[in-house]
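The structure is given below, and queries will be raised subsequently.
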Amino acid sequence: MKTIKYILSILSVVYYQNTFSQIDLSVYKHVERIHVTSYWGNINAVGTFSGNEKEFTLGVTHTNNSNITKRVDDVINYVSIEEKNKILYIETRLPSGFESINLDLKIPEDILLEIKLIRGGEIFVDNFNNGVEINSLNGSVKLDRIGEYAIVNATNGEIVANFKHLNKNKPVSLITMNGGVTIELPENCRRELRLISRKNGYIESDFKIESSQKIANLNKKKYSKEAIISTAKINGGGALLFLSTENGPIAIKKSKI
Amino acid sequence: MQSIKEVKETIKKFWNMNEDQFDKEMMDYIDGVSKKAIDNEHFKEEAKELRQLLSDLKDIPLKKVETNIDEEFKRRIVKKTSKKQRSVRRIWPYFAAAASILIVFFIFIRDRSFESDYQKLKTNTDKLGFIYNLNQEQLSSNDINWLKNEIKNENNPNIKVTILDLLSNYESKLDKEFFNALEVETTPTVLMALLNIVENSNHVEYEEELLALSERKGLDITVRQKADEILSIQ
């Protein structure tokens, strides 16, 4: 009997944490853009289908200075939410000590997403149709199934991005300091490339790279001590694709989508 | 024998004549109206020859001027004037159009600059594309000054890095003021892009800025290492 009670209490906690520890943001479904600002913690944002029933929620997990993690009910004590001029601003509170706040966002996929991570954490963004703009300090940035464009700045961490479609007139810019840059593009994508790998880099490409200059370590997995700085084109050129890292390789792959 | 000039002076003195009166007397003498100058033989001889010359001239038959010459002359003048007017009338619209284009062009050039075009852009994607395309232009000192200021004013770090990538082509035109950006910039990737330009610049003294950067609290370790590396080379 005791065991059953124990199991039931665990299940109720799990149910409660997964069901009630998130807030409904559907009242903001008319916004065009969401701007998320966080200090420490991971951000997981998933674009939801733009049907009549768009899921639009925010879940918050807090890790305190004793490293104890829990999903929180009183979201409003950890995160401020404000709408201004069709932009929804979500900002975590200033951290006390080493506390961190993880955000789980489910957002209608057509809303433009902007994220600013001031101190550090991992960012994972999946399935957005109208582009993403991310500025992160410590941690990797992973973008999956992105549409239109992406502008990402990371510091210590790799950037991995794949696109379901690109706007042929909009540039893509992925810049990090320590870490590689990997991008997956649709096969017919036309781009003007600016490639910068200052050290320990090489350039790997599934696309034919058209350049008047010789590109060092092109498709040779050999870390170069010299800077690789080059301008090139793929599929005849088009809008800008700026890929830059101070320390690491660059890979341009054909999308499997 | 007296020269004709001496004879002339003698007669003028004798009759108390000035130059005009002498010329008139002379002509009258030749015409046979006056006999005042007759006393001098040499003068008589001269007068005789002149009289003969005049008589010969009078006997030359006169060439009759054609009666239509005036008409022809008039016609040519009219034709030339109208041709001139016609050509002016023909050129004028082109001239006016060219002048208008020039005026518009100068107004356009005066009001339009890369900076003013850039300030009209609303999105980061448009700004990025615009800045990168400036690689195909020859930038003036004003353009470079504007871009230097954009490093301080712009919020998006990727736009800043793209500007710095562009400005690295104009390293010799970057002054000490440009390197002041090291003091205020906080994004590590932008700081690294600045330091990469500093590393290649030999004409500006920037040790003070580098030391301040290197001592900044909370600075990313990679940036600090890069600043120290440049300082150690100096």
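Only the coordinates and a few stated rules stand behind these numbers; no lab work does. Keep in mind the model is a prediction, meaning the values are calculated, not measured. All Cβ positions, glycine included, derive from the backbone under ideal geometry; neighbour counts span all protein chains shown.
Can you sort A:Ile87, A:Ile146, B:Ile151 from fewest to most other Cβ atoms within 10 Å of each residue's own Cβ?
Going from least to most buried by this count: A:Ile87, B:Ile151, A:Ile146.
Sort A:73-85, A:153-165 by the packing proxy (mean of other Cβ within 10 Å over each peptide's residues), most packed first.
Ranked by mean Cβ neighbours within 10 Å, highest first: A:153-165, A:73-85.
Would you please put B:19-28, A:191-200 in order of how densely packed they are, using the mean number of other Cβ atoms within 10 angstrom per residue and starting with the highest?
A:191-200, B:19-28
Calculate how large, on average over all directions, the projected area of the Cα convex hull of the stretch A:22-118 is; give the answer in nm² to one decimal.
Spelled out: convex hull of the Cα atoms, projected over all directions, averaged, 5.8 nm².
Which whole-number percent is the relative contact order of the stretch A:22-118 (Cα, under 8 Å, 6+ apart)?
Once divided by the residue count of the stretch A:22-118, the mean separation gives 48 percent.
A follow-up question, please. Which value at 222 nm does chain A reach when only helices count, each DSSP H run of 4 or more adding -39,500 (n - 2.57), with the total divided by all residues and rounded to the nearest 500 deg cm²/dmol?
Calculated at 222 nm, the ellipticity per residue is -2500 deg cm²/dmol.
Would you mind getting the Kirkwood hydrodynamic radius of the stretch A:140-257 from its Cα pairs, rounded to one decimal in Å?
Taking every pair of different Cα atoms in the stretch A:140-257, averaging 1/r and inverting gives 13.8 Å.
Taking the Cα centre of the protein assembly as shown as the origin, how large is its charge dipole in debye, to the nearest 20, when only Lys and Arg (+1) and Asp and Glu (-1) carry charge on their Cβ atoms?
That gives a dipole near 1700 debye.
Additional query: Only Lys, Arg, Asp and Glu count, each charged at its Cβ (+1, +1, -1, -1), so figure out the dipole size of chain A about its Cα centre, rounded to 20 debye.
Here the size comes out at about 940 debye.
Moving to a separate point now. Quick one: the Cα spread of the protein assembly as shown along its three principal axes, in angstroms, biggest first?
Each principal axis gives a Cα extent; for the protein assembly as shown these are 176, 60, 46 Å.
Along the positive direction of the dipole of the protein assembly as shown (beta-carbon charges: Lys, Arg +1; Asp, Glu -1; about the Cα centre), which of B:Asn153, A:Phe98, A:Gln213 reaches farthest?
After comparing all options, I get A:Gln213.
Could you work out, residue by residue across A:167-173, how many beta carbons of other chains sit within 10 Å of that residue's beta carbon, and then give the average as an integer?
Mean shielding by partner chains, rounded to a whole number: 5.
Can you list the lysines whose alpha carbon sits under 28 Å from that of B:Lys13, skipping same-chain ones fewer than 8 residues off?
Filter leaves B:Lys5, B:Lys24, B:Lys35, B:Lys36, B:Lys44, B:Lys48.
Give the aspartates and glutamates whose C-alpha is closer than 12 Å to that of A:Lys233, dropping any in the same chain fewer than 8 places away, or say none.
Answer for A:Lys233, where 12 Å is the Cα cut-off: A:Glu192, A:Glu210, listed by chain and number.
To continue, here is another question. Rank-order A:175-184, A:106-115 by packing density, defined as the average count of other C-beta atoms within 10 Å over each peptide's residues, highest first.
Those peptides, ordered most packed to least, come out A:175-184, A:106-115.
Follow-up. Average partner chain C-beta neighbours within 10 Å, per residue of A:191-197?
Per-residue shielding by partner chains comes out at 2.
Have a look at B:Ile197, B:Leu174, B:Thr186 and report the one farthest towards the positive end of the charge dipole of the stretch B:173-234, computed about the Cα centre with Cβ charges (Lys/Arg +1, Asp/Glu -1).
B:Thr186
So what is the relative contact order for chain A, in percent, with contacts set as C-alpha pairs under 8 Å and at least six apart?
Contact order relative to length: 15 percent.
If the cut-off is 14 Å between C-alpha atoms, which aspartates and glutamates fall inside it for A:Lys256, apart from same-chain ones fewer than 8 positions away?
Within the straight-line limit of under 14 Å, A:Lys256 reaches these aspartates and glutamates: A:Asp144, A:Glu184, A:Glu187, A:Asp206.
Hey, got the average number of other protein chain Cβ atoms within 10 angstrom for residues in B:188-196?
Average neighbour count from other chains, rounded to a whole number: 5.
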